[in-house]
Amino acid sequence: MTKYKSLLLREKEEELQNDLLIRTIKGDKTSRRPVWLMRQAGRILPQYRAVRATTGGFKDLLKNPALACEVTIQPVDELGVDAAIIFSDILVICEAMNLTYDMVPTKGPVFPKVITSRADVEQLRVADGVDDIGYTIEAIKLTKQALNGRVPLIGFSGCPWTLFSYMIEGQGSKTFSKAKKMLYAQPEVSHLLLQKITDSIINYVKAQIEAGVNVVQLFDSWAGVLTPSQYNTFAFSYTKQICDALQDSGVPITVFAKGAYHALTKLSDLNCDTIGLDWTIPRAYARGIIGNKKAVQGNLDPCFLYADRAAIKQETIKMINDFGNGRHIVNLGHGVYPDTPLDNVKCFVDTVKNYEIKYS
């Protein structure tokens, strides 16, 4: 059974009311493009800020399945997007592997302890997904019930290199030089850690699929800091393992390697269904390499949503036309920024929903 036949069985059994995202990934012709936004369940919405104010902070919110479910569905209600994405965080895997982190206001994630040696790596466990990150799995189950087939639910994980970066660096960085130093100075230790992370991701994503997600997205947020050679050795090869392990799941996989424009040819050969594009990649260049054998997703500059609404509408339509009649999921080239005016986000979504595709 091919992946898409298996996918058809899943969707038929669930009877999605809005299956535009799924049909686009499969390559069906559709009257318009599907649209959703990375970080759509977040601070752009006053409803989200109100819910978060009732908790002890970001991590308390994501570890509360009922509240995570609530904020996951908020953008479906408020924005009318064509998919929900489960409210969680890429770093939950690190914590499940026994490396905790704090979410510090105005600074982001901070790890009290970092990985510096083989001994540190050997103390980490491989997360099983179901028990170690059970709060997200439960949130997925609750969200599926609450959505009741309105739109697909997207699950996600960070990619091995991006999680590795935080575990070595201990926080965000402009250069991730400590993490890159580990690749050069301790390559065997680096591979040992990357493999443990990879095994944990596979377990976690399989648990998400079992819980009912319709699509999975893999985020390699810091792929762009690596040289092409480093990316192939320490990032792509592990992302490939994950895609291969999920090939028979019947669930489409999206890979978003931010900044890795040099890897488009290799990414287009992965056992995945959609390639996410950041805003720095020329659209014709990306379509020329990927063709129509996979869907593409993106790639409006998130900062464009600070422009006036006439400009937003014009540029959104231009993006749709630039990608042509092939498989295209409309999104930004990265997550929507938290101070983006809500009406501008609505303008972006509404423009996509009102723009009819004309096939030649």
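The values are calculated or read from the model by the stated rules, or taken from the named source; none is laboratory data. Note that the coordinates shown come from a computational prediction; the quantities given were computed from them, not determined experimentally. Cβ atoms come from the backbone with ideal geometry, glycine included; neighbour counts cover every protein chain shown. Just the protein is used for accessible areas: all its heavy atoms, side chains included, with ligands, DNA and RNA removed. Shrake-Rupley method; radii C 1.70, N 1.55, O 1.52, S 1.80 Å.
Within straight-line reach of Lys59, meaning a Cα separation under 21 Å, sit the following lysines at least 8 residues removed in sequence or on another chain: Lys107, Lys113, Lys141.
Beta bridges assigned by DSSP with both partners in the chain are antiparallel in approximately 15 percent of cases. Remark: the chain carries 40 Å² of accessible area per residue (probe radius 1.4 Å; ligands, DNA and RNA excluded).
Could you tell me whether the chain comes out rounded, prolate or oblate from its Cα gyration tensor? Rule is a ≥ b ≥ c as square roots of the eigenvalues, rounded for a/c under 1.5, then prolate if a/b exceeds b/c, otherwise oblate. Walk me through the intermediate numbers first.
Numbers: a/c = 1.42, a/b = 1.29, b/c = 1.10.
Taking the square roots of the gyration eigenvalues as a ≥ b ≥ c, the chain is rounded.
Helix 134-147: angle to the longest alpha-carbon principal axis of the chain, degrees 0 to 90, nearest 10? The angle comes out near 10 degrees. Note on Arg32: accessible area is roughly 40 Å² with a 1.4 Å probe, heavy atoms of protein only.
Expected output is a single nm value to one decimal: the length gained when fully extending between Arg32 and Asp248, i.e. 0.36 nm times separation in residues minus the C-alpha distance. What is it? Don't skip to the answer; put the middle values down first.
On the way: separation 216, 0.36 × 216 = 77.76 nm, distance 2.89 nm.
Working it through step by step, the gained length comes to 74.9 nm.
His328 exposes around 0 Å² of accessible area when a 1.4 Å probe is run over every protein chain in place. Heavy-atom surface analysis with a 1.4 Å probe gives the stretch 151-217 a carbon and sulfur content of 52 percent of its accessible area.
Apply the a/c threshold of 1.5 to the C-alpha gyration tensor of the stretch 194-301 and tell me whether it is rounded, prolate or oblate. It comes out oblate by the Cα gyration axes. Extension gain for Asp102-Asp77 works out to 5.9 nm (0.36 nm per residue, less the C-alpha to C-alpha distance). Extension gain for Gln171 to Lys293 (0.36 nm times residue separation, less C-alpha to C-alpha distance): 40.2 nm. Solvent-accessible surface (1.4 Å probe) assigned to Lys266 amounts to roughly 80 Å². Calculate how steeply helix 3-14 sits against the longest principal axis of the alpha-carbon atoms of the chain, using the helix alpha-carbon long axis, and give the answer as 0 to 90 degrees to the nearest 10. Tilt relative to the chain: about 70 degrees.
Taking the DSSP bridge list for the stretch 66-225 and keeping only pairs wholly inside it, about 35 percent are antiparallel. The Cα center of the stretch 82-114 and the Cα center of the stretch 179-238 differ in position by 15 Å. Put a dot 7 Å past the Cα of Arg118, heading toward its Cβ, do the same for Ala50, and the two dots end up 5.6 nm apart. Please work out whether the stretch 1-133 counts as rounded, prolate or oblate from its C-alpha gyration tensor, where a ≥ b ≥ c are the square roots of the eigenvalues and a/c under 1.5 means rounded, while otherwise a/b larger than b/c means prolate and anything else oblate? Oblate, since a/c reaches 1.5 and b/c is not below a/b.
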